[in-house]
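Chemist: Pasting a structure below so you can have a look.
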Amino acid sequence: MVTYDKTEIFYISIGFGLFLGVICYSSGSYNILTVKTGGSVTIPCYYDRKYKHQKKYWHSEIDMSNTYTNTTEQNLSVIDHPDQSFFTVTMSNLQSTKHDGLYYCAMKIEGKPTATYGLYLQVQSDPDVSVVSSSVSGHEGGDISVQCLYSSGYQNKPKQWCRYKDQSCYTVGRTNTSQNSSVQISDDDGRRSFTVLMTGLRLTDSGWYFCSAGEELNPVQLTVTEAEQGTFFF
């Protein structure tokens, strides 16, 4: 169900530049998500487990509409995953004339609309930042790689691989995650791409990540399955 009333909103997350006490949707800073014309994108909206039963929705500043979770419409679906404490928003057949603008992940807490994450969606014929595959999978103890592409204007921008859930980010080099897998990022500015290599995967590495160059990003879903029978790793 979509509603078109505009109400005040309070931000509760300090991540991604949203601040407590701001009372309008359009205030605060936000990341830019670039998507290819005619393409689709899935955006994860994380929330605290204690808000599992609250009403959650996707807010568009373009037409001031709210689309609540577990709603599927033409070119838009908003699905809650309460066991994982996030809901996903999938938008398809994207066009700049219809979809460029500000959006927010939001919920109602004690009757007050509350935003947890905001972004600016920009549809481009040749996206400034994109990924070769938006969904990757691997086995426990194994490896995965993700290739992130960027336009020439972003060659000198900082490149990162970040996890949505805890907003931990990795740049060039090798760093151990809390799950004991490792992350290595190599940048090839000649080809305008950087590659993320995760080795020693753990089941807890599953989740949503994003490639970013400067303020622009693109999401990637990582699924780690149990090791095949007879496989040993340390």
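The values are calculated or read from the model by the stated rules, or taken from the named source; none is laboratory data. Predicted model only: the values in this text are computed from it and were never measured. Note that we place each Cβ from the backbone using ideal geometry, even for glycine, and neighbour counts take in every protein chain shown.
Chemist: Regarding segment 162-169, can at least one residue be identified that is part of a strand (DSSP E or B), small (Gly, Ala, Ser) and closer than 29 Å to Thr116 by Cα?
Modeler: Pass one, segment 162-169, residues part of a strand (DSSP E or B): 162-163, 169.
Add one more test, that the residue is small (Gly, Ala, Ser), and what stays is none.
Checked segment 162-169: no residue is part of a strand (DSSP E or B), small (Gly, Ala, Ser) and closer than 29 Å to Thr116 by Cα.
Chemist: Is it the case, given these coordinates, that Gly214 is at pLDDT 95 or above, in contact with a Lys or Arg (Cβ under 6 Å, 6 or more places away or on another chain) and not basic (Lys, Arg)?
Modeler: Working: at pLDDT 95 or above: no; in contact with a Lys or Arg (Cβ under 6 Å, 6 or more places away or on another chain): yes; not basic (Lys, Arg): yes.
No.
Chemist: Quick one: would you say Val123 is within 15 Å of the chain's Cα centre (by Cα), closer than 23 Å to Cys45 by Cα and β-branched (Val, Ile, Thr)? Explain how you work it out, then say what you get.
Modeler: Numbers: within 15 Å of the chain's Cα centre (by Cα): no; closer than 23 Å to Cys45 by Cα: yes; β-branched (Val, Ile, Thr): yes.
No.
Chemist: Residues of segment 201-223 being crowded, with 18+ Cβ neighbours inside 10 Å and more than 19 Å from the chain's Cα centre (by Cα), which ones?
Modeler: Leu201
Chemist: For segment 79-96, which positions are of a type in the set (D, E, K, R) and surrounded by fewer than 16 Cβ atoms within 10 Å (Cβ to Cβ)?
Modeler: Applying the first criterion (of a type in the set (D, E, K, R)) to segment 79-96 yields 80, 83.
Hit for segment 79-96 is Asp83, nothing else.
Chemist: Follow-up question, since we're still on this one. Considering every residue within segment 155-172, establish whether at least one is loosely packed, with under 14 Cβ neighbours inside 10 Å, at pLDDT 90 or above and either within 29 Å of Val89 (Cα to Cα) or in the same structural domain as Leu119 (by TED's automatic domain parsing) (or both).
Modeler: Scanning segment 155-172 turns up at least one residue that is loosely packed, with under 14 Cβ neighbours inside 10 Å, at pLDDT 90 or above and either within 29 Å of Val89 (Cα to Cα) or in the same structural domain as Leu119 (by TED's automatic domain parsing) (or both).
Chemist: Another question, then. What strands (runs of 3 or more DSSP E), lying completely within segment 37-137, carry at least 3 residues that are in contact with an Asp or Glu (Cβ under 8 Å, 6 or more places away or on another chain)? It would help to see each step written out before you state the result.
Modeler: Values: elements: 41-46, 56-60, 65-68, 71-73, 76-81, 86-91, 101-109, 112-124, 129-131.
Ranges flagged: 101-109, 112-124.
Chemist: Could I ask something else about it? Output yes when any residue across segment 142-149 is in a strand (DSSP E or B), surrounded by fewer than 15 Cβ atoms within 10 Å (Cβ to Cβ) and in contact (Cβ under 8 Å) with a residue 40 or more places away in the chain, and no when none is. Break it down into steps so the answer makes sense when it comes.
Modeler: Step one: of segment 142-149, the residues in a strand (DSSP E or B) are 144-149.
Still in the running and surrounded by fewer than 15 Cβ atoms within 10 Å (Cβ to Cβ): none.
The answer is no, given that none of the residues of segment 142-149 is in a strand (DSSP E or B), surrounded by fewer than 15 Cβ atoms within 10 Å (Cβ to Cβ) and in contact (Cβ under 8 Å) with a residue 40 or more places away in the chain.
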